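Shown next, in structure tokens, is the structure this report addresses.
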Amino acid sequence: MNGLPARRLLLVHAHPDDESINNGVTMAKYAAEGAHVALVTCTLGEEGEVIPAALAHLTADREDALGAHRVGELAAAMAELGVTDHRFLGGPGRFRDSGMMGTEQNRRPGAFWSADVDEAAAYLVEVIRELRPQVLVTYDPDGGYGHPDHIQAHRVAVRAAELAEEASYRRDLGEPHRISKVYWNRVPRSVVEEGFAALRAAGGMAAFPQPAAPEDVPGVIADRRVTTEIEGDEASVAAKAAAMRAHATQIVVDRPFFALSNNLAQPLFAREYYELVAGEPGAPAGEREHDLFAGVTA
Ligand SMILES: [Zn+2]
């Protein structure tokens, strides 16, 4: 089909860097195994803060040039993960970063948060019908932590999956396709607690003055709700760290920790976790899957 590999994975994210933080190991692992890994990023992250002082002029309140810079960071990150198919929803700059919840940027023309969900979803339907992924990964309905672009990315991804399989919907966007399995990014509570305990035990944390809090980690839920656990080898964990480092305006990495612009240390998770929310589990009841494609037959 389109000359694509047998296994096809689509990830939908809000900003450049979210993919490497949440799914870097998963993306590197499946890309290395020869699966088709495609990333759709919904905004350029124009409203982000900037860590390196030398690049502080890029921010939205100064030159407003961060979006274009982050396109380059994302490309470098994808090179580290071995992912060649990465796109922006509707093309680069079609939807703008909406800023944090409640800010005036939420209502700015072109802001992703103010976009019509069906209109935005149509761009993703075209990608789904072209690539025909068996697996879709995105955020939970709260976007993991309530950021408007993450919530909207969830809504658009879910809506696009529905529309893509509807036979009567927009045949100009390709033949209908049904995604077999849909996952939300998750982190089990015990893993977060252990990660922060290790962080506190490490004391110095080299580059970072203070730890973040477990509440700063998006998508945390009770362990029993986690259906799927992806463990990478050293190469895919190293690729994740390198990809995160490529987002240099957003992330500082000092393995096994990293920090965002608040400079608070967080654990860099070498395993990634998911909650299967649509499709058949590929593991016996009560056991976790160790492959997003488990049980996928076609
Ligand atoms: Zn984000």
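The values are calculated or read from the model by the stated rules, or taken from the named source; none is laboratory data. Predicted, not measured: the structure shown is a model, and the values here were computed from it. All Cβ positions, even for glycine, are placed from backbone atoms using ideal geometry, and neighbour counts span all protein chains on display. For the accessible areas, the whole protein counts, side chains as well, though only heavy atoms, and no ligand, DNA or RNA atoms are used. Shrake-Rupley method; radii C 1.70, N 1.55, O 1.52, S 1.80 Å.
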The one condition Asp64 fails out of (1) in a helix (DSSP H, G or I); (2) more than 13 Å from the ligand (Cβ to nearest atom); (3) charged (D, E, K, R) is (1)
Total residues in the stretch 67-96, condition outside any helix (DSSP H, G or I) and more than 13 Å from Asp17 (Cβ to Cβ):
14
For the stretch 1-21, give me each residue that is more than 9 Å from the ligand (Cβ to nearest atom) and not aliphatic (A, V, I, L, M).
Asn2, Gly3, Pro5, Arg7, Arg8, Glu19, Ser20
For Ile151: the one exception among (1) more than 12 Å from the ligand (Cβ to nearest atom); (2) within 19 Å of Ser20 (Cα to Cα); (3) among the β-branched types (Val, Ile, Thr); (4) part of a helix (DSSP H, G or I):
(1)
Give me the residue from the stretch 190-215 that is surrounded by 16 or more Cβ atoms within 10 Å (Cβ to Cβ) and assigned to a helix (DSSP H, G or I) and, out of that set, modelled with the lowest pLDDT.
Leu199
Please give the number of the condition Leu81 fails out of (1) within 15 Å of Met244 (Cα to Cα); (2) open to solvent by 20 Å² or more (accessible area, probe 1.4 Å).
(2)
Checking the conditions here, which among Asp233, Asp223 is touching a Ser or Thr at 6+ places or on another chain (Cβ under 6 Å), at pLDDT 95 or above and open to solvent by 30 Å² or more (accessible area, probe 1.4 Å)?
Asp223
Residues in the stretch 216-234: is at least one free of Cβ contacts under 8 Å to residues at least 12 places away in the same chain and either of a type in the set (D, E, K, R) or outside any strand (DSSP E or B) (or both)?
yes
Pull up the stretch 107-166, narrow it to residues that are closer than 25 Å to Val25 by Cβ and among the hydroxyl-bearing types (Ser, Thr, Tyr), then point me to the one that is surrounded by the fewest Cβ atoms within 10 Å (Cβ to Cβ).
Tyr145
Just checking, does the stretch 23-37 include any residue being crowded, with 20+ Cβ neighbours inside 10 Å, within 11 Å of the ligand (Cβ to nearest atom) and modelled with pLDDT of 95 or more?
no
